[in-house]
Protein chains: 4
Amino acid sequence: MQLGIIGLGRMGGNIARRLQRHGHETVVYDHNPEAVQDLAKDGSTGASDLAGVVASLTKPRAVWVMLPAGDPTEQTVAALADLLEAGDTIIDGGNSFYKDDIRRAMGLAKKGIDYIDVGTSGGVWGLERGYCMMIGGTAQAFDRLEPLFDALAPGYGSIPRTPNRKVADDRSERGYLYTGPAGSGHFVKMVHNGIEYGMMQAYAEGFDILKMKASPHLPEEQRFDLNLADVAEVWRRGSVISSWLLDLTASALAEDQELARYTGAVSDSGEGRWTIQAAIEEAVPTPVLASALFARFRSRQEHTYGDRMLSAMRYGFGGHVEVPQ
Amino acid sequence: MQLGIIGLGRMGGNIARRLQRHGHETVVYDHNPEAVQDLAKDGSTGASDLAGVVASLTKPRAVWVMLPAGDPTEQTVAALADLLEAGDTIIDGGNSFYKDDIRRAMGLAKKGIDYIDVGTSGGVWGLERGYCMMIGGTAQAFDRLEPLFDALAPGYGSIPRTPNRKVADDRSERGYLYTGPAGSGHFVKMVHNGIEYGMMQAYAEGFDILKMKASPHLPEEQRFDLNLADVAEVWRRGSVISSWLLDLTASALAEDQELARYTGAVSDSGEGRWTIQAAIEEAVPTPVLASALFARFRSRQEHTYGDRMLSAMRYGFGGHVEVPQ
Amino acid sequence: MQLGIIGLGRMGGNIARRLQRHGHETVVYDHNPEAVQDLAKDGSTGASDLAGVVASLTKPRAVWVMLPAGDPTEQTVAALADLLEAGDTIIDGGNSFYKDDIRRAMGLAKKGIDYIDVGTSGGVWGLERGYCMMIGGTAQAFDRLEPLFDALAPGYGSIPRTPNRKVADDRSERGYLYTGPAGSGHFVKMVHNGIEYGMMQAYAEGFDILKMKASPHLPEEQRFDLNLADVAEVWRRGSVISSWLLDLTASALAEDQELARYTGAVSDSGEGRWTIQAAIEEAVPTPVLASALFARFRSRQEHTYGDRMLSAMRYGFGGHVEVPQ
Amino acid sequence: MQLGIIGLGRMGGNIARRLQRHGHETVVYDHNPEAVQDLAKDGSTGASDLAGVVASLTKPRAVWVMLPAGDPTEQTVAALADLLEAGDTIIDGGNSFYKDDIRRAMGLAKKGIDYIDVGTSGGVWGLERGYCMMIGGTAQAFDRLEPLFDALAPGYGSIPRTPNRKVADDRSERGYLYTGPAGSGHFVKMVHNGIEYGMMQAYAEGFDILKMKASPHLPEEQRFDLNLADVAEVWRRGSVISSWLLDLTASALAEDQELARYTGAVSDSGEGRWTIQAAIEEAVPTPVLASALFARFRSRQEHTYGDRMLSAMRYGFGGHVEVPQ
């Protein structure tokens, strides 16, 4: 099949490459001409602007936008809406807020343009392992484009089949899922990232406890000086908490147990925040997911204003003076 | 009445002073002779060691230990146990762990010595405002020593009476309470401090949100540059969140809205930690009290090992590089 | 001064009464005619619709809307915008979302109508104690209407002055504060309520720990059967955690320590939720405020779907079967 | 090698079976004679009491205790200490508190008996997949008994090797690890379980958000009715949050998306609680791990006393009456 791809960063570029490897034809554009040239070497057709991408495709056309959420995606979708026609499809494969998808899909539907939102997990590993995709939008567009998703997905791989599955539809077992109307793909991906934050923080806290067990502040007979690289490694085999995140942790610890190349100022992105907003809208208690988000906020400040206020109160009622750290 | 007092720090010294002002007689000791001399000027009888305190008291004797929890209190109680006799009373007015009280009381009971544990709130303000006291231990000792507690307590003051109170016993309305067997006084005080942590953190987080509403990271039309001293002040009058802690906050903000004299490295003491341990033993969910404790732990570190691990995982799955703060 | 008041519920009705008592003139309307008649007995001028309110006022007119946030307020503000003219003022005294204020104020400014948002704390006690008010909007409208705010506010009362205050402006000391542009009043009130949730949950958790200390699941020598009404009472005097919320708690416990008339299904309103959203927008960590909100969500469910999933996982890896409670 | 095994429950029985399958010789005892007979059919030598186990073993003897933590383990270790001699080894393979290990090891060392604590993960799957083991205690005893651990562990299996590992010691890659002095094995296992709670809760919260997205309380155009079995399945392939816990979740959801066979009253065990205690001792902030524990506490109550107190306060300040759920 043919697919236009806008945005050739880490994700977009590899999506093009994986599709080419599976025999699909991609027409690509990026505001950086070098990125376009690189892809052209790998077999894609390069274009010099959005109109060029659209012009190179046969109807019904499909264009995959792989840009940062917010303005870049919004503007590109709007521009494509003007270039495309009824029967064509715009795919947002980035990390858009699902309410933006709902809004965009409604606008595009008036022009007869289908809208597909794809939550894409896989990061830098997707080219090799395949991408896990959660796909919302018009059912007819999903059906038409399914060969592309099939090619991008990991497939069954060597992962054991889940017992008890009775369903005929095996697409989720091959790594992609049609989740329903526009927005639902990004919604599921958003929650995926919320869970990811929670799991990461669970490991981080646990390893912190292990690390600090060697602290000179503890009584000497209560201290353990543990080899954390080995702990992560042993948990990879037969333990209840084995996971891909643990595999990555084991690899990082194998390189350097101190993780000294990292400062610990941890970024967060929209999905982690929107997950908590969605939970609040639904009145679902999510203490773990929220705590994980807050830990990232906190990691980027040396001290908060609130911390200083605590010290001020302690001074106020007890005359307590801060102890230098 | 007569009372021996061991430990003449901020709390012990003022307790002696307040008792003297109310016509009681105090015999005081501190390892720092200057502290003893200071109190002697205010009317107390100074002693040069524990034995001297005991020797200056008439049976049945009562000695109030006002020392840091842990070893200092433990050793002093043990030493007093050797100097005192059946019928005498040891009072621990510090911040001991309540299980230590239970253990000590059992040991002293074998010798016929009464044990009283007093959780004392009031900080540097107690001399003037009186101390709020939660008192566990032998009922007979409490009865005997009640005039002392009565003198130390704030009394009715100008605080409005609580509607609905039907009980004959008005001691809690005068600021002291017999809470039951040994350990119960410190247990109630421990929970008091746990609540204190939670309340303080609630204010701290709220003011942090107000403060950061002026942040240049927000869209300009969404920013407010609020006068936090005035906000704290207005909340003192008629709002649901008026409190003594808010009064102190208002005072600190009136002095300097930036709270620049504080770094924000916030200490915590035993009670906050033991509160969470007690909650866990009782299987009581305490997310707010635990979060408040953790915020203090976090305030004393620039970055945690766990933070670095989050960055390492993010690099592992997405190639994300930390953004300089 | 003259003021139109729309909405005569618990808050609106008492605001009218308090203004009348202070010599101001109120023109009132409610969709419930009985509420209007009640106020008329207390000296207000009743009106039979919005137009009637507007018609009874002299220019420049001011109308205070005291309705539930969301549609009722939105529609009433819109209707008033059509009835009023340049130079008039609309006051939203309810609990609107501050971003709605910003939007409304921009719209009304085009017509020359001033907009004031008042965050009002005081609940059922305001008539007697006065209302604590945080006031955003056009400075000129605030100046013009200040006598009304002055009358509604508690005034200095018997509350001790805050040490260190150097500022000439004593309005916050009298219980009302001009916080800045439209939305800032409701924003400060929103954070006030967020803090309120946190403080309430801090007390709730602490008393839960005290209550469960009598649990038969604990070893007998570790149990305390505490009189919680007395504990709340004693903390009212001289303790660090004394507050108005504690006063209310003491009153509820004095009536019934078991609090048996309450089931414990706790509502939450917009402000608590918006506070967390604001924190997330600002990247401010607010674990205590979020935990307090989540505890309310949780209180309204017997079991969550997530709880069942935990049990399913435990069965999956360990064959663990749920223990009947 | 020879090994005595005390306690033939789910774990102990399968440990014996796995060792027998690998050519080791086991002498087994359980207070339930049927359990002993079952194992005897699988090749173990049955014994009728502890002394019988000890008598059947050749020196230096090793006895593996696989009993519930607390009294059962404590008493059995004490009894074995009397039956065994210098040079023998007691292995505690259960879930003991690590401070109990430290204490026991010190006591046994005086008699020349080695003590080994094994944190064992693998649950009902261990017989087939092998057990992941974290092993503390005397180095000489670990060395002597290593063939047993090697047989019980999963081995390399089909799990990809961790990049960057430079170390010669590959035991952790085969699924068992010598962690250091007595107590360290159980300490690492304890933290493992703490992490497990956090991860489980992360998934539970995330799926709860997905589930409630179909709630009729949301605006209709914002609702998604998601197939959660398919969501879990698709996340197993190529997503960042793939894990063994997710595999189990996918299996449970494949059977019944409603998880209707579970009520959602979730047990917790010592490790989850001790993990938080350890974090508090070390001053490590662990909001996620603590929140996960508290969620389990909360799951076993319909309403808390604290919830009722919140309602009482709301009634007190605002006249709010609880809304029936």
**Request:** State, in angstrom, two size descriptors of segment D:77-140 derived from its alpha carbons: Rg to one decimal place and Dmax to the nearest whole number.
**Result:** 12.9, 38
**Fill in**
Cβ-Cβ cut-off under 11 Å around B:Val54, Lys and Arg +1, Asp and Glu -1: the net charge is -2
**Nearest-to-axis residue of chain B, judged by beta-carbon position, where the axis maps B onto D, in Å** = B:Ala290, 2
**Message:** Beyond 20 Å, how much of the Cα-Cα pair distribution for segment D:2-182 remains, as a whole percent?
**Reply:** 50
**Complete:** Per residue, the convex hull enclosing the Cα atoms of segment D:128-236 spans a volume in Å³ of 151
**Request:** Under 14 Å from the Cβ of C:Glu173, count the other residues' Cβ atoms, weight Lys and Arg +1, Asp and Glu -1, and hand me the total.
**Result:** +1
**Item:** Between helix C:287-299 and chain C: long-axis angle, C-alpha atoms, 0 to 90°, nearest 10
**Value:** 80
**Prompt:** What is the projected area of the convex hull of the Cα atoms of segment B:4-69, averaged over all directions, in nm²?
**Reply:** 4.1
**Prompt:** In this model, which of B:Lys213/C:Lys166; B:Lys110/D:Lys189; C:Lys59/C:Lys99; D:Lys59/D:Lys166 are farther than 31 Å apart at the alpha-carbon?
**Reply:** B:Lys110/D:Lys189; D:Lys59/D:Lys166
**Prompt:** For segment B:63-194, what proportion of DSSP beta bridges, expressed in % and rounded to the nearest 5, is antiparallel?
**Reply:** 35
**Asked** What are the distances, in nm and sorted shortest first, from the label point of A:Gly23 to the label points of the same position in each other copy, with each label point placed 7 Å from Cα along the Cα-to-Cβ direction?
**Response** 5.0, 9.2, 10.5
**Request:** Grab every C-alpha pair in the protein assembly as shown, bin the distances at 10 angstrom width from 0 up to the longest one, and report whole percents.
**Result:** 2, 9, 15, 19, 19, 16, 11, 6, 2, 1, 0
**Prompt:** What is the mean number of Cβ atoms from other protein chains located within 10 Å of the Cβ atom of each residue in peptide A:184-194, rounded to a whole number?
**Reply:** 5
**Request:** On the full set of protein chains, 1.4 Å probe, figure out the accessible area of C:His24 and give it in Å² to the nearest 10.
**Result:** 30
**Message:** Using protein chains only and a probe of 1.4 angstrom, how many square angstrom of C:Phe97 are accessible, to the nearest 10?
**Reply:** 40
**Request:** Quick one, can you get me the convex hull of the C-alpha atoms of segment B:184-325 expressed as volume per residue in Å³?
**Result:** 180
**Message:** Using amide H atoms built in the peptide plane, which far-off residues or other-chain residues are under 5 Å from C:Ile116 H to H?
**Reply:** C:Ile90, C:Ile91, C:Asp92
**Prompt:** Once Rh for segment D:60-113 is found with the Kirkwood sum over Cα pairs, what is the Stokes-Einstein diffusion coefficient at 10 °C and 1.306 mPa s, in µm²/s?
**Reply:** 144
**Prompt:** Sorted by accessible area (1.4 Å probe), largest first, how do D:Glu302, B:Glu322 line up?
**Reply:** D:Glu302, B:Glu322
**Copy-to-copy label separations for A:Ser269, where each label sits 7 Å from Cα toward Cβ, in nm and ascending** = 3.8, 3.9, 4.7
**Item:** Charge dipole magnitude, Cβ of K and R +1, D and E -1 - chain A, Cα centre, debye nearest 20
**Value:** 480
**Request:** Would you kindly derive the ³J(HN,Hα) couplings of segment A:258-269 from the backbone phi angles with the Karplus curve 6.51 cos²θ - 1.76 cosθ + 1.60 (θ = phi - 60°), listing them in order in whole Hz, with x for Gly and Pro?
**Result:** 7, 6, 5, 6, 9, 8, x, 8, 9, 6, 9, 10
**Item:** Degrees, to the nearest 10: D:98-110 long Cα axis against longest axis of chain D
**Value:** 10
**Asked** What is the projected area of the convex hull of the Cα atoms of chain B, averaged over all directions, in nm²?
**Response** 22.2
**Item:** Label spacing, shortest first and in nm, from D:Tyr156 to its equivalents in the remaining copies (7 angstrom along Cα→Cβ)
**Value:** 2.6, 8.5, 8.5
**Request:** Using the Karplus curve 6.51 cos²θ - 1.76 cosθ + 1.60 with θ = phi - 60°, work out ³J(HN,Hα) for each residue of segment B:120-136 in order, rounded to whole Hz, and write x for Gly and Pro.
**Result:** 10, 10, x, x, 6, 8, x, 3, 7, 8, x, 9, 8, 10, 10, 10, x
**Fill in**
Within 10 Å of the Cβ of an average residue in B:125-136, the count of other chain Cβ atoms is 3
**Request:** Please give the solvent-accessible surface of D:Met1 in Å², to the nearest 10, using a probe radius of 1.4 Å with every protein chain present.
**Result:** 80
**Asked** What residues have an amide H closer than 5 Å to that of C:Gly46, excluding those fewer than 5 places away on the same chain, when H is modeled at 1.01 Å from N in the peptide plane?
**Response** C:Val28
**Prompt:** Which value at 222 nm does chain A reach when only helices count, each DSSP H run of 4 or more adding -39,500 (n - 2.57), with the total divided by all residues and rounded to the nearest 500 deg cm²/dmol?
**Reply:** -15500 deg cm²/dmol
**Asked** Quick one: Karplus J couplings for segment D:184-195, per residue in order, coefficients 6.51, -1.76, 1.60, θ = phi - 60°, nearest Hz, x for Gly and Pro?
**Response** 5, x, 5, 5, 5, 5, 4, 5, 3, 5, x, 4
**Complete:** Partner shielding of C:271-278, taken as the mean number of other chain Cβ atoms within 10 Å, equals 3
**Fill in**
Mean 1/r over distinct Cα pairs of segment C:205-266, inverted to a Kirkwood Rh in Å, yields 12.7
**Prompt:** How far is helix A:71-83 tilted, in degrees, relative to the longest principal axis of the Cα atoms in chain A, given as a value from 0 to 90 rounded to the nearest 10?
**Reply:** 10
**Prompt:** Whose amide H sits under 5 Å from the amide H of D:Thr179, counting only residues 5 or more places off or on another chain, with H placed in the peptide plane?
**Reply:** D:Ile135, D:Gly136
**Request:** Report, to two decimal places, the Cα Rg of segment C:253-325 normalised by 2.2 N^0.38 Å (N = number of residues).
**Result:** 1.55
**Asked** Can you tell which of B:Gly46, B:Ser215, B:Ala283 lies farthest toward the positive end of the dipole of chain B, using +1 and -1 charges on the Cβ of basic and acidic side chains (Lys, Arg; Asp, Glu)?
**Response** B:Ala283
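The values are calculated or read from the model by the stated rules, or taken from the named source; none is laboratory data. Predicted model, so just to flag it, every value in this text is computed and none were measured. Positions of Cβ are generated from backbone atoms using ideal geometry, with glycine treated the same way; all protein chains shown enter the neighbour counts. These area figures cover heavy atoms from the full protein model, side chains too; ligands, DNA and RNA do not enter into them. Shrake-Rupley method; radii C 1.70, N 1.55, O 1.52, S 1.80 Å.
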